[in-house]
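Report on the structure given below.
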Amino acid sequence: MKLWLVRHAPVLLAPGSCYGALDVPADDGATRASALALAEVLPQGLRVSSSPLQRCEQLTQVLQGLRPDLTVGSDARLREMDFGNWEGRRWDAIAQSEFDAWTADFAGHAVGGHGETVHAVMQRVGAAFDELRDQDADAVWITHAGIIRAAQLLARGIRQVERADQWPLDATACGQWRTLELSFKHSR
């Protein structure tokens, strides 16, 4: 089966801002351009699951308007990681000591003081990923860079990430997508 991993369009925040769980809108023009390009390549009748954050819902709504054959729904497990008190701050304004604390306990550190852990993100994305096994049909996730990275790990059979150097560095650009060919013939 094929999983389409689609990242929302660029958000309306200053470049370099941390906006994981921050519910900010995306650029309307870029959202429409992304939806138009995606509408041209998606097969008929796919199930589209979207993060409930508005930047993803915007893209989902435009796509559904262009492709009413798609079945759409919201899935909170596809929301981006909560970065706690880092949300809305510039990445370069976050103290190196805060990054060091996270990388020292990459799986279990509550990012930004009270945000999510990487372990929690992998758990919730893993639960959504496991549902794909049961559905055994091509699907689309409209989501975020961190969730796409988690899905890539899950597709390789990696369910736990202990160290920062195990986390994928490459990110799908805003408004773009990648696909994963998944085979669920073997048990978890």
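Here's the yes/no breakdown for (1) hydrophobic (A, V, I, L, M, F, W, C); (2) touching a helix residue (DSSP H, G or I) at 6+ places or on another chain (Cβ under 6 Å):
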site: VAL140; (1), (2): yes, no
site: ALA145; (1), (2): yes, no
site: ILE158; (1), (2): yes, no
site: ASP165; (1), (2): no, no
site: LEU180; (1), (2): yes, yes
Residue in the stretch 103-123 that is under 12 Å from the mean Cα position of the chain (by Cα) and at negative phi present: yes
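Could you tell me whether ARG149 is within 23 Å of LEU46 (Cβ to Cβ), free of Cβ contacts under 8 Å to residues at least 24 places away in the same chain, part of a helix (DSSP H, G or I) and not aromatic (Phe, Trp, Tyr)?
On the way: within 23 Å of LEU46 (Cβ to Cβ): yes; free of Cβ contacts under 8 Å to residues at least 24 places away in the same chain: yes; part of a helix (DSSP H, G or I): yes; not aromatic (Phe, Trp, Tyr): yes.
Judged against the criteria, ARG149 is a match.
Which of the residues spanning the stretch 2-16 are at negative phi and either assigned to a loop (DSSP other than H, G, I, E, B) or over 16 Å from the mean Cα position of the chain (by Cα) (or both)?
Just the residues of the stretch 2-16 that are at negative phi, to begin with: 2-15.
Passing the criteria: LYS2, HIS8, ALA9, PRO10, LEU12, LEU13, ALA14, PRO15.
Which of the residues that make up the stretch 150-171 are crowded, with 21+ Cβ neighbours inside 10 Å and either in contact with a Gly (Cβ under 9 Å, 6 or more places away or on another chain) or charged (D, E, K, R) (or both)? Break it down into steps so the answer makes sense when it comes.
Of the residues in the stretch 150-171, the ones crowded, with 21+ Cβ neighbours inside 10 Å are 150-151.
ALA150 - this is the single residue of the stretch 150-171 that is crowded, with 21+ Cβ neighbours inside 10 Å and either in contact with a Gly (Cβ under 9 Å, 6 or more places away or on another chain) or charged (D, E, K, R) (or both).
Okay, residues lined up against (1) within 23 Å of PRO25 (Cα to Cα); (2) loosely packed, with under 14 Cβ neighbours inside 10 Å:
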site: TRP91; (1), (2): yes, yes
site: GLU116; (1), (2): yes, no
site: ASP136; (1), (2): no, yes
site: TRP177; (1), (2): yes, no
Sort through GLN44, GLN58, GLN64 and tell me the only one that's of a type outside the set (Ser, Thr, Tyr), buried (at least 16 other Cβ atoms within 10 Å of the Cβ) and closer than 22 Å to GLU131 by Cβ. GLN64
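Being under 24 Å from ALA35 (Cβ atoms) and touching a Lys or Arg at 6+ places or on another chain (Cβ under 9 Å) narrows it down to one residue among GLN135, GLN123, GLN64; which is it?
Working: GLN123 fails: under 24 Å from ALA35 (Cβ atoms); GLN64 fails: touching a Lys or Arg at 6+ places or on another chain (Cβ under 9 Å).
Result: GLN135 is the single residue among GLN135, GLN123, GLN64 that is under 24 Å from ALA35 (Cβ atoms) and touching a Lys or Arg at 6+ places or on another chain (Cβ under 9 Å).
Within the stretch 67-89, restricting attention to residues that are among the basic types (Lys, Arg) and surrounded by fewer than 19 Cβ atoms within 10 Å (Cβ to Cβ), which residue is farthest from LEU38 (Cα to Cα)? Lay out the reasoning, then the answer.
Let us first name the residues in the stretch 67-89 that are among the basic types (Lys, Arg), namely 67, 77, 79, 89.
When the remaining residues are screened for being surrounded by fewer than 19 Cβ atoms within 10 Å (Cβ to Cβ), the result is 67, 89.
Working: ARG67: 10, ARG89: 31 Å.
Here the residue is ARG89.
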Report yes if some residue within the stretch 17-31 is under 26 Å from LEU132 (Cβ atoms) and either among the β-branched types (Val, Ile, Thr) or not in a loop (DSSP other than H, G, I, E, B) (or both); otherwise report no. yes
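Read-outs throughout are calculated quantities, based only on the coordinates presented, and are distinct from any laboratory measurement. All values derive from a computational prediction rather than experimental measurement. Neighbour counts are summed over all protein chains in view; Cβ atoms, including those assigned to glycine, are modelled from backbone coordinates with ideal geometry.
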